[in-house]
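> The structure under discussion is supplied below as structure tokens; questions concerning it will follow.
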């Protein structure tokens with residue numbers, strides 16, 4: 001007898017979910033580049049539902065319509081997959097989340113799911129908030145979390161102000177992240193998670209991830225890793241045992257700079273001392289359909305597709321930018337006006353050997369150009385200018401090819417002075433903890449030829465020899481009056 005009513009939709013959903021699960025398993029067997037290009041968008045979907053569109057369509061729609069009351073009831077009670085409202089889910093978001101879950105677990109049998117957010121900061125909040133809720137069994141206990149101080153300035157503010165100061169959830173700070181004993185000394189029965197950013201922005205901090213994961217699980221708490229700089233092209237913490245990976249997709253993954261996005265990729269059945277079985281079983285889906293449904297920080301369809309398009313060339317782009325950054329860092333290391341260069345790829349970096357244990361170009365052993373595993377260290381580096389803050393300002397202001405902005409991971413090279421920009425709000429004491437001196441310039445190398453970036457660095461550093469650099473700005477800006485008022 002043919003199913004009718006809600007059962008009709010439940011059975012159809014079971015068949016659909018089984019097909020999609022099987023397709024994802026097939027894609028999981030493909031190489032990294034193939035997954036990055038195709039993701040979970042299938043030819044069958046394209047031909048049956050999307051007018052044969054080869055590229056994932058942008059579903060610019062706030063909500064989904066239903067055939068009848070039975071389908072609506074089944075969907076809104078979460079009995080069947082649904083795109084009910086784009087604050088919660090949307091096909092464009094689904095394609096984006098699917099490819100990130102596959103890439104972050106590439107080369108393993110780890111099962112993970114992903115929730116995409118409106119920004120990297122929203123991703124961090126999404127990743128940590130569920131672990132920081134009050135424990136009804138210990139209502140008076142002071143909740144705490146253990147995290148490194150060498151993190152992005154926005155992360156520092158979220159932890160120090162929004163969590164510690166405003167909500168009285170204690171941030172226990174790891175100053176020397178490579179010291180495992182320091183991590184362990186800060187953990188107690190009220191610790192909810194460990195958190196680290198590696199490589200850190202901009203200080204290139206690094207720690208022995210496998211040992212810190214082991215430490216977290218020893219105490220029954222999750223390990224959360226911000227892997228924005230590395231991306232899954234160089235490091236996949238979930239494969240090593242981490243519970244959650246945070247990506248500020250606006251950065252390395254979303255290289256075009258067209259949109260803001262973040263993502264949380266979580267393994268199924270993660271470790272946690274929070275008594276919430278549904279959350280632990282499938283963290284990303286739980287947060288998507290419940291807390292984030294109510295709080296509304298999820299990504300827009302347009303930004304999801306913009307980021308998805310950038311993912312397709314992730315491996316080759318990270319390889320190219322890493323090689324260029326190595327060339328540029330070696331040049332700066334020898335420059336008379338440079339006091340120090342921070343780049344994990346340099347043999348001189350104190351954490352070079354540790355970083356070399358973890359940062360590998362994915363599938364390089366299957367690449368005809370390499371034929372073996374090769375280390376790559378990413379696009380992020382920094383250098384300290386001799387002469388203090390004034391000399392650093394002069395050099396920074398003299399850039400003509402390198403863009404002055406707080407962004408990173410762009411296809412174009414971008415530099416900033418973290419002490420007066422990304423880390424300015426955390427104060428002098430906070431900057432000391434994060435090792436952000438006033439003479440530090442963070443440089444994120446793009447896809448230009450490294451010779452041209454070196455030439456720009458050379459002419460900028462030459463101002464310290466007394467050379468005058470002509471203004472790069474035209475006398476009259478195409479930006480009109482608003483741009484004119486900003487010119488000095």
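> Between 57, 91, which is assigned by TED's automatic domain parsing to the domain that holds residue 248 and in contact (Cβ under 8 Å) with a residue 12 or more places away in the chain?
After ruling out the rest, the residue left standing is 91.
> Only one residue in 108, 113 is part of a strand (DSSP E or B), touching a helix residue (DSSP H, G or I) at 6+ places or on another chain (Cβ under 8 Å) and at pLDDT 95 or above, so which one is that?
The unique qualifying residue is 113.
> Let me ask you something else. Let me spell it out: the conditions are (1) farther than 17 Å from residue 122 by Cβ; (2) out of contact with any strand residue (DSSP E or B) (no Cβ under 8 Å at 6 or more places or on another chain), and residue 259 meets all of them except one. Which number is the exception?
Answer for residue 259: the failing condition is (1).
Here's the yes/no breakdown for (1) modelled with pLDDT of 95 or more; (2) surrounded by 23 or more Cβ atoms within 10 Å (Cβ to Cβ); (3) in a loop (DSSP other than H, G, I, E, B):
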site: 134; (1), (2), (3): no, no, yes
site: 137; (1), (2), (3): no, no, yes
site: 142; (1), (2), (3): no, no, yes
site: 146; (1), (2), (3): yes, yes, no
site: 150; (1), (2), (3): no, yes, yes
site: 156; (1), (2), (3): no, yes, no
site: 162; (1), (2), (3): yes, no, no
site: 166; (1), (2), (3): yes, no, no
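> Let me ask something else. Select from region 376-395 the residues that are out of contact with any helix residue (DSSP H, G or I) (no Cβ under 6 Å at 6 or more places or on another chain) and assigned to a strand (DSSP E or B) and write down the one among them that is farthest from residue 466 (Cα to Cα).
Only one residue tops the list, namely 380.
> Given the residues 316, 364, 356, which is the only one that is out of contact with any helix residue (DSSP H, G or I) (no Cβ under 7 Å at 6 or more places or on another chain) and touching a residue at least 60 places away in the same chain (Cβ under 8 Å)?
316
> Looking at region 327-341, is at least one residue closer than 18 Å to residue 255 by Cα, in contact (Cβ under 8 Å) with a residue 60 or more places away in the chain, touching a strand residue (DSSP E or B) at 6+ places or on another chain (Cβ under 7 Å) and not assigned by TED's automatic domain parsing to the domain that holds residue 207?
No - not one qualifying residue is present in region 327-341.
> While we're here: Using the structure shown, decide if residue 347 is at pLDDT 95 or above and part of a helix (DSSP H, G or I).
Judged against the criteria, residue 347 is not a match.
The values are calculated or read from the model by the stated rules, or taken from the named source; none is laboratory data. Just so it is clear, the model here is predicted, and its values are computed rather than measured. Cβ: placed from backbone, ideal geometry, glycine included. Neighbour counts: every protein chain shown.
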